[in-house]
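What follows is calculated from the coordinates using simple rules that are stated; it is not laboratory data. Here the structure is a predicted model, which is why all the values come from computation and not from measurement. Please note: Cβ atoms are built from the backbone with ideal geometry, for glycine as well, and neighbour counts cover all protein chains shown.
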Amino acid sequence: MQEKINEIERQIDEAVKDVESSRTLQEIKMKFLGKTGKISELMKNMRDVPPEQRPSMGKVLNALRQWTEEKFGALEKRLKTIELKKKYADEKIDVTLPGRTTPDGAYHPNTLIINELVSVFAGMGFEVFEGPEIENDYYNFTALNTPADHPARDMQDTFYLSDELLLRTQTSAGQIRVMEKKSPPIKILSPGKVFRSDDDATHSPMFSQMEGLVVDKGITLCDLKGMLDEFARKIFGENVKTRLRPSYFPFTEPSVEVDVSCSECGGKGCRLCKGTGWIEVLGAGMVNRHVLEGCGIDPDIYTGFAFGMGVERIAMLKYGINNMKMLFESDTRFLKQFKG
Ligand code: DAH
């Protein structure tokens, strides 16, 4: 028996000699102390031992089991300590490192201006209507008193998708959609992208416009002027004035071009206003009676005014941007400057 015990002790010493993880140790432990382990098997064999030898045998076996348990216990403690130390080392966090920051976004200057314009006009009672970017020739031109062959079609270089469909060249197309559906009083604002085959230092094939339309009984050019004064003061500053110059658009009669007094020099004349003291900001006019008629609105009862402005132009004037291309290039060094 003693031989067997010695053999088991030797086997245990051999098995744990190179063990490096508490997990492997646990597996080895089971081979000896588990239910079917070698020591447990020996203990089961006690049944076959003559009764008078059992007490002494029992003592020896218990001693073996205790020795084994202690050996494994001590080893396990040592391995666990090493493993824990390694885990802590692996998980060590350097709290002095700078944190990882996610750069937060900001509104594009165009969006800022659109939001500001919408809020100024909403304050005057305008509702927002957004028309489609792909339009019929009818809404973009014909219904706006610009039939085929009309020379005013040359004012805008159009991207045609087919004989009938085109990328809208002006948000004015939305006016017709609104007047067809709604009867006066009408007071809408229509922001959106427009497209023209035009690309140079001051033109982009895609840009944004903001259209306005008011139709009701007794609307006059004075109402337009009053509203424009209010708009100019809110967007460009309290002391800014507006002036109307005669112009031509097929869908308005009379038509005007609207200037604001230069907010840079206060009207004295500077580089921004090219020495004139005035800066052109939008086109406008009284809705042409043919246009009203075409939409089923009686021009002898109702009158209206309309206006349309280039959003990029307003953004450039307001923020002092001298190159329109910057508004389309997504250069974060430029865009960062508009972070609120
Ligand atoms: N649609 C014109 C353009 O793109 C701008 C414009 C002028 C709009 C006069 C209007 C208006 O509503 O009344 O050049």
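Among the cysteines of the chain, those with no neighbouring cysteine Cβ under 4.7 Å are CYS222, CYS295.
Counting other Cβ atoms within 10 Å as a rough exposure proxy, the listed residues CYS273, CYS265 run CYS265, CYS273 from fewest neighbours to most. When Rg and the Kirkwood radius Rh are both evaluated on Cα atoms of the stretch 121-210, their ratio Rg/Rh stands at 0.99.
In degrees from 0 to 90, rounded to the nearest 10, what is the angle of the helix 221-236 Cα long axis to the longest principal axis of the chain? Approximately 40 degrees, to the nearest 10.
Here the 3J(HN,Hα) profile of the stretch 133-143, calculated from phi with Karplus coefficients 6.51, -1.76 and 1.60 at θ = phi - 60°, is 7, 8, 10, 7, 3, 4, 6, 6, 10, 4, 5 Hz, Gly and Pro shown as x. For the pair LEU84 and GLN11, the difference between a 0.36 nm per residue extended length and the Cα-Cα distance amounts to 23.5 nm. For THR158, THR332, THR169, THR276, the sequence from fewest to most other C-beta atoms within 10 Å is THR332, THR276, THR158, THR169. When the scattering of the stretch 232-285 is computed by the Debye formula from its Cα atoms alone, each counted once and equally, what is log10 I(q)/I(0) at q = 0.13 Å⁻¹? Values returned for q = 0.13 Å⁻¹ are -0.33.
Checked against a 31 Å cut-off, the cross-linked pairs LYS29/LYS87; LYS182/LYS234; LYS181/LYS318; LYS4/LYS77; LYS225/LYS274 give Cα-Cα distances beyond that limit for LYS181/LYS318.
Could you please state, rounded to a whole Å, how far the C-alpha centre of the stretch 271-309 is from the C-alpha centre of the stretch 16-41? For the stretch 271-309 versus the stretch 16-41, the Cα centre distance is 93 Å. Eigenvalues of the alpha-carbon gyration tensor of the stretch 271-314, scaled by 5 and square-rooted, set the equivalent ellipsoid semi-axes at 33, 11, 6 angstrom, largest first.
Rounded to the nearest 10 degrees, the angle from helix 22-33 to the longest Cα principal axis of the chain is 30 degrees.
Compared with the dominant principal axis of the Cα atoms in the chain, helix 109-123 is inclined by about 60°. With the convex hull of the Cα atoms taken as the outline of the stretch 109-268, the averaged projected area works out to 10.5 nm². Here each label is just a point 7 Å from Cα along the line to Cβ, and for CYS265 and SER21 those points are 8.1 nm apart.
With Cα atoms as the point set, the radius of gyration and Dmax of the stretch 227-340 evaluate to 17.2, 54 Å.
Please build a GNM for the chain, connecting alpha carbons under 10 Å apart, and tell me which residue among ASP229, ASP90, ASP198 fluctuates the most. In the Gaussian network model the winner is ASP90. Computed from phi, the 3J(HN,Hα) profile of the stretch 300-307 under the Karplus parametrisation 6.51, -1.76, 1.60 (θ = phi - 60°) reads 7, 9, 10, 10, x, 10, 9, 8 Hz, with x in place of Gly and Pro. Taking the square roots of 5 times each eigenvalue of the Cα gyration tensor of the stretch 157-244, largest first, gives ellipsoid semi-axes of 28, 21, 9 Å. Under the combined filter of DSSP loop state and at most 15 neighbouring Cβ atoms within 10 Å, the stretch 214-258 retains these GluC sites (Glu not before Pro): GLU238. For the chain, a Kirkwood hydrodynamic radius built from all Cα pairs, placed in the Stokes-Einstein relation at 4 °C and 1.567 mPa s, yields a translational diffusion coefficient of 48 µm²/s. For the pair ASP198 and LEU97, label points projected 7 Å from Cα toward Cβ lie 5.3 nm apart.
Residues VAL215, VAL281, VAL240 in ascending order of nearby Cβ atoms (within 10 Å, fewest first): VAL240, VAL281, VAL215. Rg over Rh of the stretch 1-138, using C-alpha atoms and the Kirkwood radius, what does it come to? Over the Cα atoms of the stretch 1-138, Rg/Rh equals 1.70. Among the GluC sites (Glu not before Pro) in the stretch 280-340, those placed in a DSSP loop whose Cβ has at most 16 other Cβ atoms within 10 Å are GLU329.
Taken along its principal axes, the alpha carbon cloud of the stretch 60-134 reaches lengths of 101, 30, 28 Å, longest axis first.
Excluding same-chain neighbours fewer than eight residues apart, the aspartates and glutamates reachable from LYS339 by a Cα-Cα span under 16 Å are ASP104, GLU116, ASP331. Compared with the direct C-alpha span, the chain from ALA106 to LYS71 gains 6.0 nm at full extension, assuming 0.36 nm per residue. When shorter helices are ignored and each DSSP H run of at least 4 residues is given -39500 (n - 2.57), the per-residue value for the chain at 222 nm works out to -12500 deg cm²/dmol.
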